[in-house]
Amino acid sequence: MAYSEKVMDHFANPRNVGEIEDADGIGEVGNSRCGDIMKMYIKVDGDTITDCKFKTFGCGAAIATSSMATEMVKGKSIDNALQLTNKAVMEALDGLPPVKVHCSVLAEEAIKAALSDYYERKGIDPKLIIGAPSTSDDEREDPTCN
């Protein structure tokens, strides 16, 4: 299984690692079969995500996709962050092996979970903005996941 230079760079030198103590939104997602767990923290000022950090327990691809996802939403509007897709994360990393695509799905879901938490803290039903929670472990499970 070959990884792109960008994947290797974000794995070896992940950006935005850590947590935000006074985060405006925190999202945690995981795939129980793989063991990958991502926790995203966001800080929002007005309509802009001014900071985004992550803590990920998982494989190199999970760390790389977490790192890239934070880079893609940091400094952007909430609306822009809501448009983040796993496909965009994969493209930004110059691709992922098929057996690691689920990592990019987790990264997208972690950002959206943090945004859901942000809206809940503001007393707004996140389903009205973000939609219903996305896929379950079964729907994104990859039998070769390790």
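Couple of notes before you dig in:
- Every pair of residues 6+ apart whose Cβ atoms lie under 6 Å, when the first sits in region 77-90 and is under 16 Å from S4 (Cβ atoms) while the second is in a loop (DSSP other than H, G, I, E, B): M90/L96
- Residues of region 40-82 satisfying the condition of being among the polar types (S, T, N, Q) and under 12 Å from the mean Cα position of the chain (by Cα): T56, T65, S66, S67, T70
- Of D51, D9, D24, D47, all but one fail to be within 26 Å of Y119 (Cβ to Cβ) and out of contact with any helix residue (DSSP H, G or I) (no Cβ under 7 Å at 6 or more places or on another chain); the exception is D51.
- Exclusive hit being farther than 23 Å from A2 by Cβ, open to solvent by 20 Å² or more (accessible area, probe 1.4 Å), touching a Leu at 6+ places or on another chain (Cβ under 7 Å) and modelled with pLDDT under 95, set I130, I124: I130
- Check on I37, of a type outside the set (D, E, K, R) and assigned to a strand (DSSP E or B): yes
- Screening T70 on (1) touching a Ser or Thr at 6+ places or on another chain (Cβ under 7 Å); (2) surrounded by 24 or more Cβ atoms within 10 Å (Cβ to Cβ); (3) polar (S, T, N, Q) shows it passes everything except condition (1).
- When residues in region 1-43 are screened for being of a type in the set (G, A, S) and surrounded by fewer than 19 Cβ atoms within 10 Å (Cβ to Cβ), 6 of them pass.
The values are calculated or read from the model by the stated rules, or taken from the named source; none is laboratory data. Predicted, not measured: the structure shown is a model, and the values here were computed from it. All Cβ positions, glycine included, derive from the backbone under ideal geometry; neighbour counts span all protein chains shown. Side chains included, ligands, DNA and RNA excluded: accessible areas come from the protein's heavy atoms. Shrake-Rupley method; radii C 1.70, N 1.55, O 1.52, S 1.80 Å.
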